[in-house]
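Student: This is the structure I want to talk about, given as structure tokens.
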Amino acid sequence: MAIPASLQSGLTLPVVAAPMFLVSGPDLVVEACNAGVIGTFPSLNQRTTEGYREWLRDIKARRNPDAAAFGVNHIVHPTNPRLLADMQVTVEEQVPLVITSLGAVRDVVEAVHGYGGVVFHDIANVRHARKAAQAGVDGLILVANGAGGHAGVVNPFALVEEVRGFFDGTIILSGCLSTGRDVAAALMMGADFAYMGTRFIATTESQAQPHYKDMIVEAGSMDITYTPAVSGIPANFLTPSLVENGIDPKSLPEHKLDMGEEAKAWKTVWSAGQGAGAVHDILPVRDLVGRLRDEYSQACDEFDKKRL
């Protein structure tokens, strides 16, 4: 269990601000890195490959010399027509961390390793974890029950323990992590990083619409609906956003609704994890990370006092 050496520099808290579709952009990434956590974004949040390159160069230019590393998420799936072009840019710009989704491909891993980069792959079950490990990834992002977006249904305690039984790389835990105490708990369970998405949506620098941020602040765990009806793959969404789009959460079909292309659907039907109930305000990223560090330290101190 270890954090790769190339990701340790500038890190003040073992947190990755997750790459969120239509939400994560250069401002969020830069502020996260400068505050001491890893900032990431999906390459497809930029409409073109050239625009993706411009974002990478903007992030590099605005990151402090002593900042934490940054990363990018690539959808490694035949339905992503930009993968090869975007990966070429990733290699040329030598992105420190690459997060792969919907496919662990050894060629992608080797391309990133070729310039000294690190590859994390997100998984929702043990079968996918084993396949990713065989592809040579450096870390596994365990998307456990209750996470935002395309979440799994496995309890995090079970998932971490089982994956750690056959994988000795970096483990990143995702699912309902909103506070510094949650970060401490994730590490105590055996993870190396906490993966936070929903908490970073409700920040000043996120690209989410103001109403989206407010909805997260007002939501609790009971306001999250897990359904494949939006994207065709089971994911967690804010129930009020379903209602606002005329969708009855009590009578959702088992297949994808006819909502046009998926990107358009996610613009109005908003995702969040069950950890939204612990999000009570909208903060600048720097202030949020400072709070997380304080909560983490307090949790560690309290645990030490409780040890037998």
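Student: Suppose we filter segment 235-253 for residues that are crowded, with 19+ Cβ neighbours inside 10 Å and of a type outside the set (A, V, I, L, M); how many remain?
Tutor: As a first pass, look at segment 235-253 and keep what is crowded, with 19+ Cβ neighbours inside 10 Å: 235-239, 241-242, 247.
When the remaining residues are screened for being of a type outside the set (A, V, I, L, M), the result is 236-237, 239, 241.
Final tally of qualifying residues: 4.
Student: While we're on this one: Considering segment 59-89 alone, what residues qualify as being out of contact with any strand residue (DSSP E or B) (no Cβ under 6 Å at 6 or more places or on another chain) and polar (S, T, N, Q)?
Tutor: Asn64, Thr79, Asn80, Gln88 - these are the residues of segment 59-89 that are out of contact with any strand residue (DSSP E or B) (no Cβ under 6 Å at 6 or more places or on another chain) and polar (S, T, N, Q).
Student: Please go through segment 159-213 and give me each residue that is of a type in the set (Ser, Thr, Tyr) and not in a strand (DSSP E or B), ordered by number.
Tutor: Answer for segment 159-213, where residues must be of a type in the set (Ser, Thr, Tyr) and not in a strand (DSSP E or B): Ser178, Thr179, Thr198, Thr204, Ser206, Tyr212.
Student: Identify, from the list Gly136, Gly114, the residue that is more than 16 Å from the chain's Cα centre (by Cα) and on the phi > 0 side of the Ramachandran plot. Let's see the steps before the verdict.
Tutor: Details: Gly114 fails: on the phi > 0 side of the Ramachandran plot.
Sole residue among the options that is more than 16 Å from the chain's Cα centre (by Cα) and on the phi > 0 side of the Ramachandran plot: Gly136.
Student: Shifting gears a bit: Regarding Val23, is this residue assigned by TED's automatic domain parsing to the domain that holds Asp192, farther than 17 Å from Ile172 by Cβ and in a helix (DSSP H, G or I)? Break it down stepwise before answering.
Tutor: Working: assigned by TED's automatic domain parsing to the domain that holds Asp192: yes; farther than 17 Å from Ile172 by Cβ: yes; in a helix (DSSP H, G or I): no.
No: the conditions fail for Val23.
Student: In this structure, does Leu28 turn out to be within 21 Å of Lys213 (Cβ to Cβ) and at pLDDT below 95? Full working, then the answer.
Tutor: Numbers: within 21 Å of Lys213 (Cβ to Cβ): yes; at pLDDT below 95: no.
Against the criterion (within 21 Å of Lys213 (Cβ to Cβ) and at pLDDT below 95), Leu28 does not qualify.
Student: Still on this structure, I have one more. List the strands (runs of 3 or more DSSP E) that sit entirely inside segment 28-130 and contain at least 1 residues that are small (Gly, Ala, Ser) and within 21 Å of Val285 (Cα to Cα). Can you show your working first?
Tutor: Numbers: elements: 38-42, 70-75, 97-101, 118-123.
By residue number, 38-42, 70-75.
Student: Quick check: is even one residue across segment 184-199 over 22 Å from Leu11 (Cβ atoms) and within 19 Å of the chain's Cα centre (by Cα)?
Tutor: No, every residue in segment 184-199 fails to be over 22 Å from Leu11 (Cβ atoms) and within 19 Å of the chain's Cα centre (by Cα).
Student: Would you pick out the residues in segment 266-308 that are surrounded by 15 or more Cβ atoms within 10 Å (Cβ to Cβ), among the hydrophobic types (A, V, I, L, M, F, W, C) and in a helix (DSSP H, G or I)?
Tutor: Trp266, Ala276, Ala278, Val285, Leu288, Val289, Leu292, Ala299, Cys300
Student: Evaluate segment 46-58: report whether one residue or more is crowded, with 20+ Cβ neighbours inside 10 Å, touching a residue at least 24 places away in the same chain (Cβ under 8 Å), touching a strand residue (DSSP E or B) at 6+ places or on another chain (Cβ under 6 Å) and not aromatic (Phe, Trp, Tyr).
Tutor: No, segment 46-58 has no match at all.
Student: Could you tell me which residue of segment 131-143 is nearest to Ile216 (Cα to Cα), considering only residues that are surrounded by fewer than 24 Cβ atoms within 10 Å (Cβ to Cβ) and in contact with a strand residue (DSSP E or B) (Cβ under 9 Å, 6 or more places away or on another chain)? First the steps, then the outcome.
Tutor: Going residue by residue through segment 131-143, those that are surrounded by fewer than 24 Cβ atoms within 10 Å (Cβ to Cβ) are 131, 133-136, 138.
Keeping just the survivors that are in contact with a strand residue (DSSP E or B) (Cβ under 9 Å, 6 or more places away or on another chain) gives 131, 133, 135-136, 138.
Numbers: Lys131: 34, Ala133: 34, Ala135: 36, Gly136: 36, Asp138: 32 Å.
Selected residue: Asp138.
Student: Separate question: Go through Ala158, Ala147 for me and flag whichever is more than 18 Å from the chain's Cα centre (by Cα), more than 17 Å from Val137 (Cβ to Cβ) and of a type in the set (A, V, I, L, M). Show your work before the answer.
Tutor: Numbers: Ala147 fails: more than 18 Å from the chain's Cα centre (by Cα).
Going through Ala158, Ala147 in turn, just one is more than 18 Å from the chain's Cα centre (by Cα), more than 17 Å from Val137 (Cβ to Cβ) and of a type in the set (A, V, I, L, M): Ala158.
Student: Given the structure, is Ala194 crowded, with 21+ Cβ neighbours inside 10 Å and touching a helix residue (DSSP H, G or I) at 6+ places or on another chain (Cβ under 8 Å)? Spell out how you get there, then give the answer.
Tutor: Details: crowded, with 21+ Cβ neighbours inside 10 Å: yes; touching a helix residue (DSSP H, G or I) at 6+ places or on another chain (Cβ under 8 Å): yes.
Yes, satisfied.
Student: With closer than 28 Å to Ile216 by Cα and at pLDDT 95 or above as the only criterion, which of Leu11, Leu84, Leu22 stands out? Before the answer, list the steps.
Tutor: Values: Leu84 fails: closer than 28 Å to Ile216 by Cα; Leu22 fails: at pLDDT 95 or above.
Of Leu11, Leu84, Leu22, the one residue that is closer than 28 Å to Ile216 by Cα and at pLDDT 95 or above is Leu11.
Student: So if I check each of Gly71, Gly36, which one is surrounded by 18 or more Cβ atoms within 10 Å (Cβ to Cβ), on the phi > 0 side of the Ramachandran plot and of a type outside the set (A, V, I, L, M)?
Tutor: Working: Gly71 fails: on the phi > 0 side of the Ramachandran plot.
Answer to the check: Gly36.
Student: Additional query: If you go through segment 162-187, how many residues are over 19 Å from Ser221 (Cα atoms) and of a type in the set (Val, Ile, Thr)?
Tutor: 4
Student: Right, next: Scan segment 131-158 residue by residue and report those that are touching a His at 6+ places or on another chain (Cβ under 6 Å) and in a loop (DSSP other than H, G, I, E, B).
Tutor: Val137
Student: Before we move on, is Asp66 within 18 Å of the chain's Cα centre (by Cα) and surrounded by fewer than 22 Cβ atoms within 10 Å (Cβ to Cβ)?
Tutor: So Asp66 fails the test.
Student: Related question: Among (1) without any contact (Cβ under 8 Å) to a residue 60 or more places away in the chain; (2) buried (at least 17 other Cβ atoms within 10 Å of the Cβ); (3) within 27 Å of Leu11 (Cβ to Cβ), there is one condition Arg82 misses while meeting the rest; what is its number?
Tutor: Among (1) without any contact (Cβ under 8 Å) to a residue 60 or more places away in the chain; (2) buried (at least 17 other Cβ atoms within 10 Å of the Cβ); (3) within 27 Å of Leu11 (Cβ to Cβ), the lone unmet condition for Arg82 is (3).
The values are calculated or read from the model by the stated rules, or taken from the named source; none is laboratory data. Bear in mind the structure is a predicted one, so any value in this text is a computation, not a measurement. Methodologically, a virtual Cβ is constructed for each residue, glycine included, from the backbone with ideal geometry; neighbour enumeration extends over all protein chains shown.
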